[in-house]
Amino acid sequence: RIIFIPLVSCYTHKNTSQKMAQITATYWAEQHAFDVERDTVEYMKAEYIVTASGNKVSRKSVLCGSQNIMINGKTIVKEGCLLRGDLNSIKLGRFCVLHENTVIRPPYKKFVKGIAFFPVQLGDNCMVGQGTVICAATIGNCVRFGENCYVGRRSIIKDCVVIDDNSVLPEHSVCPPFTRWAGQPAHLVEELPESTEILLTEDSKDYYEKFIPVGPSGPGWQSATRKLSVISKLNVAGRSAGQAKSPTVPRSPEN
């Protein structure tokens, strides 16, 4: 009995720890609202430019130095976003979402002779919240930024990192993978489960698929366009018929 009871307790403790890890991962996913079954997000088709690679860029966004901005495909850039490609190159991965008033500015470093700017790169499946300013050097895959965040210059953010709303990440910070940060200045809150990568990937892809256009391409607009075209044709036909029936008054040679 003395030997048997510890073995059973150890075995039970092992199974309990595995179950607790699964429960923690499920609870964390629910708390962070990774809602794969979200509602559709509509946008006016006339207000966005859709490229051949599937990028959807708002006409109300500002892309300075567009020749230095590379977007790999299926990325959404909403209105009010500012990308400072005139300072240095900016690279965005696939299935990224930049919400309203996002600012991406390449990091800089002061030297004796002046200031030098360095490239900035965002990986795949990154989502940036509204009003967030990013001056980082490198951002990995599956990174989520909350609203009104500030990422200090030359920071390095690894894969699968979550930064909460209103967080300020100091300069030269390094965020390890599978971590969550919050605060002013931002500090490590918790470590994230390995399922974070799958959840963030599905969430960004689902957002892109449900970001659908409305406007002239919709069925309602098509029917309205047909009605307007028919009315305009009838008006033109009526005017031409009226002109044909109207009598012509001959002019005298004196006039």
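Limited to segment 20-45, what total is found for residues that are surrounded by fewer than 11 Cβ atoms within 10 Å (Cβ to Cβ), at pLDDT 50 or above and of a type outside the set (Ser, Thr, Tyr)?
So the answer is 2.
Could you say which residue among SER89, SER61, SER66 is in contact with a Pro (Cβ under 8 Å, 6 or more places away or on another chain) and free of Cβ contacts under 8 Å to residues at least 60 places away in the same chain?
Within the list SER89, SER61, SER66, the selection yields SER89.
Is there any pair with a first residue in segment 184-212 that is under 30 Å from VAL50 (Cα atoms) and a second that is assigned to a loop (DSSP other than H, G, I, E, B) and among the small types (Gly, Ala, Ser) whose Cβ atoms are under 9 Å apart and which are 6 or more apart or on different chains, and what are they?
Pairs that qualify, where the first residue is under 30 Å from VAL50 (Cα atoms) and the partner is assigned to a loop (DSSP other than H, G, I, E, B) and among the small types (Gly, Ala, Ser), are TYR208/GLY54.
Out of (1) within 10 Å of the chain's Cα centre (by Cα); (2) of a type in the set (Ser, Thr, Tyr); (3) open to solvent by 30 Å² or more (accessible area, probe 1.4 Å), the odd one out for SER53 is which?
Status for SER53: all satisfied but (1).
Within the group THR138, THR132, which residue is of a type in the set (Val, Ile, Thr), surrounded by fewer than 20 Cβ atoms within 10 Å (Cβ to Cβ) and either under 27 Å from VAL189 (Cα atoms) or modelled with pLDDT under 95 (or both)? Can you show your working first?
Working: THR132 fails: surrounded by fewer than 20 Cβ atoms within 10 Å (Cβ to Cβ).
Only one candidate qualifies: THR138.
Can you confirm whether GLY114 is surrounded by fewer than 17 Cβ atoms within 10 Å (Cβ to Cβ) and out of contact with any strand residue (DSSP E or B) (no Cβ under 8 Å at 6 or more places or on another chain)?
It is true that GLY114 is surrounded by fewer than 17 Cβ atoms within 10 Å (Cβ to Cβ) and out of contact with any strand residue (DSSP E or B) (no Cβ under 8 Å at 6 or more places or on another chain).
Can you name the residue in segment 159-196 that is polar (S, T, N, Q) and closer than 15 Å to PHE145 by Cβ and, of all such residues, is most open to solvent (accessible area, probe 1.4 Å)?
Ranking the qualifying residues of segment 159-196, first place goes to GLN184.
The values are calculated or read from the model by the stated rules, or taken from the named source; none is laboratory data. In this text, all values refer to a predicted model and were calculated from it rather than measured experimentally. We place every Cβ from the backbone using ideal geometry, glycine too, and count neighbours over all the protein chains shown. Remember, those area values only see protein heavy atoms, side chains included, never the ligands or the DNA or RNA. Shrake-Rupley method; radii C 1.70, N 1.55, O 1.52, S 1.80 Å.
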